[in-house]
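What follows is a single structure, written as structure tokens, with notes after it.
What follows is calculated from the coordinates using simple rules that are stated; it is not laboratory data. Remember, it's a predicted structure, so these values are computed and weren't measured experimentally. Positions of Cβ are backbone-derived with ideal geometry, glycine not excepted, and every protein chain shown enters the neighbour counts.
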Amino acid sequence: MEPFDSDLTQRVIFGVNSIDKLAESTIALGGSRVLLVTDPGIQDAGILNRAYSALNNEKIPCYVFSDVEPNPTTKHVEEAVKFAKANTPIDIIIGLGGGSAMDCAKGVNFLLTNGGKMEDYWGTNKAAKPMLPSVGIPTTIGTGSEAQSYALIAQEDTHVKMACGDKKAQFGTVILDPILTKTLPRLVAAITGIDAIAHAIESYVSTRRNPLSQMFSLQAWKLLNANYELALEENNFEARGKMLFGAYLAGLAIENSMLGAAHACANPLTARYGITHGIAVALMLPHVIRFNSTIAEKSYSELCTDAHLADRIEVLMKVGDLPNTIQDCLVQRHIRSTDIPTLAQDAAAQWTAQFNPRSMHIHDFTRLYEKVH
């Protein structure tokens, strides 16, 4: 067995109504004055009230920044930092919501403690000063951001996603409460769930995989594959809880390995056309699996023993009513064949592309995009 090095330091609280432990978790991390980063949907769904009440019961002041949008940009982070500075001293940060809210919360932690701009932290371990303790609370069943030390923040002008990572940015405590997914619409559950499935699959075959990451990936896949369809039912908390935990494990797998070409291809689709991240990943995943099969078929068969893995993904996409082509995603514009070379160039420049199990060249990305055109 090959050697590996891993650092598992998170506290994970799982269970229905575990949001009620938020105040205790905040105090345990030394927090007494909270910045809570979320989005308007969480506020409208009443989830924010659960978090706020838990903190208020222990008389912990909480200042809420709720203006995070999908695929947060440097603008959102800077606005949240400005809000935090107006309510100093903040000594703990809580990210409540999907990946966007949690990524923004991590981004705020970088700038609030170390100064500068997000571009300064593009890469790994570029924060020289200590960072604030933090809590991650996912409300979707697929992000995995709560398990990771990277904030994915897009540049406001170019919409290029920057992966800004530092172990100090990782949430010290994660609360996984299935009840918080009660109001998650079916389509959002389908989109975030398929993204988590992609995380499990890509991390399982990543060139940076190791026995520990593959253990997380495999268990994540088993939970996600078995519960995806059931979790599309709004009141199936048993299935949604298993998806929530599976998504967390897939996030841990990413943290200890990396992703691959499906995510590399997805990011340009989001940046250039505004296609939702999970949909963009789902579009590319079956085709990437088939492309990789000449190298990774044995590993894929370990995940899916009764069918080809790519076929299984297409079945799940159909169950979730997810589109099969880029054109199906675009309402007011069309992708032209002349756009594909630019997309291929963008995908080849993505960080995750280098960890794909089969080496990728520009013409490979071009052919993948042609299959979903």
Margin query: How high is the relative contact order of segment 11-181? Use alpha-carbon pairs under 8 Å, at least six apart in sequence, and give a whole percent.
Written below: 28
Notebook entry, point to check: Tally Lys/Arg at +1 and Asp/Glu at -1 over every other residue whose Cβ is under 14 Å from the Cβ of SER100; what's the total?
Noted result: -4
Margin query: Nearest 5 percent is fine: what portion of the DSSP beta bridges confined to the chain is antiparallel?
Written below: 20
Check: Using a ≥ b ≥ c from the Cα gyration tensor of segment 186-372 (square roots of the eigenvalues), is it rounded, prolate or oblate, where a/c under 1.5 gives rounded and otherwise the larger of a/b and b/c decides, a/b for prolate?
Finding: oblate
Next item on the list: Give the relative contact order (percent, whole number) for the chain; include only Cα pairs under 8 Å separated by 6+ residues.
Entry: 15
Check: How about LYS129: which lysines have a C-alpha closer than 19 Å to its C-alpha, ignoring those fewer than 8 places off in the same chain?
Finding: LYS85, LYS106, LYS117, LYS167, LYS168
Next item on the list: Report which label in (1) 51; (2) 58; (3) 54 holds the value of percent of Cα pairs over 25 Å apart derived from the coordinates of this structure.
Entry: (1)
Margin query: Please give me, ordered by residue number, the trypsin sites (Lys or Arg not before Pro) of segment 335-373 that lie in loop per DSSP and have at most 12 other Cβ atoms within 10 Å.
Written below: ARG336
Checklist line | Kirkwood Rh and Cα Rg combined as Rg/Rh, segment 11-181 | finding: 0.93
Next item on the list: Please report the relative contact order for segment 236-373, taking Cα pairs under 8 Å with a sequence separation of at least 6, and give it as a percent rounded to a whole number.
Entry: 33
Item checked: Under 13 Å, Cβ to Cβ, from PRO185 - net charge with Lys/Arg +1 and Asp/Glu -1 -> -1
Next item on the list: Go through segment 202-212 residue by residue and turn each phi into a ³J(HN,Hα) via Karplus (6.51, -1.76, 1.60, θ = phi - 60°); whole Hz please, and just put x for glycine and proline.
Entry: 5, 5, 5, 10, 3, 5, 9, 5, 8, x, 6
Next item on the list: Within the set of other residues whose C-beta is less than 10 Å from the C-beta of PRO286, count the net charge using Lys and Arg as +1 and Asp and Glu as -1.
Entry: +1
Margin query: Report, to one decimal in Å, the Kirkwood hydrodynamic radius for segment 203-296 based on all distinct Cα pairs.
Written below: 14.2
Notebook entry, point to check: Can you sort HIS287, HIS373, HIS263 by how many other beta carbons sit within 10 Å, fewest first?
Noted result: HIS373, HIS287, HIS263
Next item on the list: Please determine, in degrees from 0 to 90 and to the nearest 10, the orientation of helix 99-114 with respect to the longest principal axis defined by the Cα atoms of the chain, where the helix direction is its Cα long axis.
Entry: 60
